[in-house]
Amino acid sequence: MAESQLMCMEDGLMPAAVPESRPQFYYSEQQRVALERLITEGDGAFKTLLKDEDSQDFLSAREIKAITSTFLKYQSEENDGGASTSAAKREDSESLRSTYWPQMSDTDVPPLDIGWPSSGLFKGVTKVSVFTHPPKENGPHIKEVARKLIQESCKVVAIVMDLLTDLQILQDLFEASKRGVPVYIVLDLQGAPHFLDMCSRLKVGAKELQNVRTRTVKGVGLSLSMGRIPGNVHSKYMLIDGDKVMFGTYSFSWSSSRMDRNMITVMSGQVVDFYDNDFRELYAISDKLDLFKEFHLSKPRTGTQSRASVPKRPSTATSRFQVNLGDATRGDLKVPAHKYHNPKYLLALGQIPDRGPTEPLQDFLDKMMPPDPSQQDQENPMEDQENIAPLPSQTGKKESKKFRLTFNTKRNKKGKEDKTSDKVIEENAANPSDNTSKNTVTTDETQDSVKKKKGFWSFFKKS
């Protein structure tokens, strides 16, 4: 309802009449009564009423013709055949329609489902360019400016127009849709049939309409006691990528670009936010115009994109110092021998044997002991040689210096006993032929150290 009508509903509050001489003058009860007389009794009764009320004639001949031709009566529920049925429905509803004042709409707001650039960011300093038809100062034609903006768009194209029938501009919009740019069009309800006619002449298909959303909107109009006078949408602007706007008197039609005098303004900057909000408001109150249904086309299927295959993790560890905990459920998983020295690794793997009440404690501890080193040497003899003594091929002065530097750090702590071990290592590096005998002694000494629970360096102490 209008603000003046809401004020009239207040108890003891009657707004003062605003004279026509003031800029705030907008609504007149005398004009509303005269419009009803025009619709019900004709032009003669309308002018007679104005003369009796000592009022001025406020309608031109063109407006009188447009109002009388577009007036819409309210649809009555009663008819000759079903008067009793409609009366029963009114009794059941208890006339709730007269007392229903919703604070929110009971219909969903149409979403901008194919994308919309984010707003609210600073768009820079406002820049303005003005173009006219006919062009001035060798400027471009207004149709050329509009087509160039559409062809250079990459994010979104949003149009509010009273008439959109230019074939070249329609082709540019459909080409933008084919390259993935969202195209939103809000048309005046009376201009929608002409838009559909030109689209059918172009023979558009589903591929061109995939990224196009078209809706229709009505003007404000004027509600009377017996019907409604519809209004038109004369807003003409186009948003490009959320940072440019083109507005003016130019309609996207052939006659407007060839025969009419027009002026358009292209602006960029913070002022674009106003047009951004206005377009979304018009889009929210508009009605859907399904182009696929109008042209009897099937909507293209939008399949889900398949994700790239991710390689699986290796089933076993690639190093003897790594264990994959994710594969702990596998029974064939081999844990390195050095991991058995600390029971927490077995606990993490979930492979600690459940010691029953009858199982002796010593048997449980035996399972926690590392495997026999002699068997490990038979399976992988080169691994022990690598840990204890250098390989026969790795001889020379560089290896002897390396071992000398390694054990000199220990010599500072252990004193004179480590000097003997230093000499033994140097002899091994100098005489690679004696490595086999040294390895045999090393294996025996290692077995003795495991049984006596001594460290690995006890071998060098004994040697």
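The values are calculated or read from the model by the stated rules, or taken from the named source; none is laboratory data. Quick caveat: nothing in here was measured; it's all calculated off a predicted structure. In this analysis, Cβ positions are derived from the backbone assuming ideal geometry, glycine residues included, and neighbour counts consider all displayed protein chains.
Things to note:
- Within segment 40-79, being of a type in the set (Phe, Trp, Tyr), under 25 Å from PHE25 (Cβ atoms) and touching a residue at least 24 places away in the same chain (Cβ under 8 Å) holds for PHE58, PHE71.
- Taken over segment 172-228, the criterion of being among the basic types (Lys, Arg) and either over 16 Å from LYS299 (Cβ atoms) or touching a residue at least 40 places away in the same chain (Cβ under 8 Å) (or both) is satisfied by ARG179, ARG201, LYS203, LYS207, ARG213, ARG215, LYS218, ARG228.
- Yes/no for VAL181 being assigned by TED's automatic domain parsing to the domain that holds ARG261, in a loop (DSSP other than H, G, I, E, B) and within 22 Å of SER286 (Cα to Cα): yes
- Filter result for LEU196 (part of a loop (DSSP other than H, G, I, E, B) and aliphatic (A, V, I, L, M)): no
- Top-ranked residue of segment 244-268 - restricted to ones that are of a type in the set (A, V, I, L, M, F, W, C) and touching a residue at least 40 places away in the same chain (Cβ under 8 Å), ranked as nearest to LEU173 (Cα to Cα): PHE252
- Qualifying residue in segment 54-67 (condition: closer than 15 Å to LEU222 by Cα and loosely packed, with under 12 Cβ neighbours inside 10 Å): yes
Residue-by-condition table, conditions (1) surrounded by fewer than 21 Cβ atoms within 10 Å (Cβ to Cβ); (2) at pLDDT 95 or above:
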{"residue": "PHE122", "(1), (2)": "yes, no"}
{"residue": "VAL125", "(1), (2)": "yes, no"}
{"residue": "VAL130", "(1), (2)": "yes, yes"}
{"residue": "ASN138", "(1), (2)": "yes, no"}
{"residue": "GLN151", "(1), (2)": "yes, yes"}
{"residue": "VAL160", "(1), (2)": "no, yes"}
{"residue": "GLY205", "(1), (2)": "yes, no"}
{"residue": "ARG215", "(1), (2)": "yes, yes"}
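- Helices (runs of 4 or more DSSP H) (entirely within segment 1-88) containing at least 3 residues that are at pLDDT below 90: 3-8
- For VAL204, the conditions (1) within 20 Å of ALA176 (Cβ to Cβ); (2) in contact with a Lys or Arg (Cβ under 8 Å, 6 or more places away or on another chain); (3) hydrophobic (A, V, I, L, M, F, W, C) are fulfilled apart from (2).
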